[in-house]
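Here, each number is a calculation from the coordinates, and none is a lab measurement. None of the values given here were measured: they were computed from a predicted structure. Because the Cβ atoms are built from the backbone with ideal geometry, glycine has one as well, and the counts that use them run over all protein chains shown.
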Amino acid sequence: MSSLSFIPKNSFRKNRLANTESNPNSQENAPPQWPNFQPAEQSKPVRVTRFSRFILAVIILLVLLAITAGIAYSYSVQLQDYNRLQSQFKDLASQNSALQNQVQKLKIQMSNPTLTVWNSCSQPCAMTVGGWRVGGVPDTFDYNVSFTSNVPVSVYILTFPQYVQFANCNGMISCVTGSYTQYGPTTSLPGSVFTLAEGCSGYVSVFQSTADGTIYPDVSITYDPAPNPTGTC
């Protein structure tokens, strides 16, 4: 039967201390211990940084292009509006000028109205050999003579005594004495104005042709009274 031996506690401590003292270099012979540390966060790769900068530059460029395009479009719209307003202004100015001209004409017509006295007949205005057409020239008016015809026509402005001579000679103008006004003979008289009746009521007009034909008259009068007697008066 075996028996257990009892070793006092103090004797175990003494043995450890003795063992340590007998091996003073035991710690120096132990393998080195490396410090325990966490690896630092790895920085972003250089390529990723450059690509990010490139993307940012592209975005900025696109924004600048969008702003430039917006400004250009806005300028184009404003330029179109300006041109349209300028065109409207020119049209309004032209209309205003036309209205002013019409007002001036109306003022002239109010102070010197023009009236048509002969521009047609109940049937074609026939001219015959040996015949004539006669009409009065009113006082205080200018007598405006215009016509076209398919045969030569002469127009005479005669005083009352001269017309008596003309009629008594069966339309022979050679029988008329003294001075008188004559237009033609012609097939077109664009516009002639007799002014001696502005201050005198003593004239008649005679239209005569030496051949059969048709006349297309356009005779008018314009109010223009003279301050003193005129013509035969």
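Over every Cα atom in the range 45-111, the radius of gyration and the widest Cα-Cα span, Dmax, amount to 28.8, 99 Å.
Note on the range 45-111: with charges restricted to the Cβ of Lys and Arg (+1) and Asp and Glu (-1), its dipole about the Cα centre is near 220 debye.
Classify the range 115-223: rounded, prolate or oblate, from the alpha-carbon gyration tensor (a ≥ b ≥ c, eigenvalue square roots; a/c under 1.5 rounded; otherwise prolate if a/b is larger than b/c)? Judged from the Cα gyration tensor, the range 115-223 comes out oblate (a/c at least 1.5, b/c at or above a/b).
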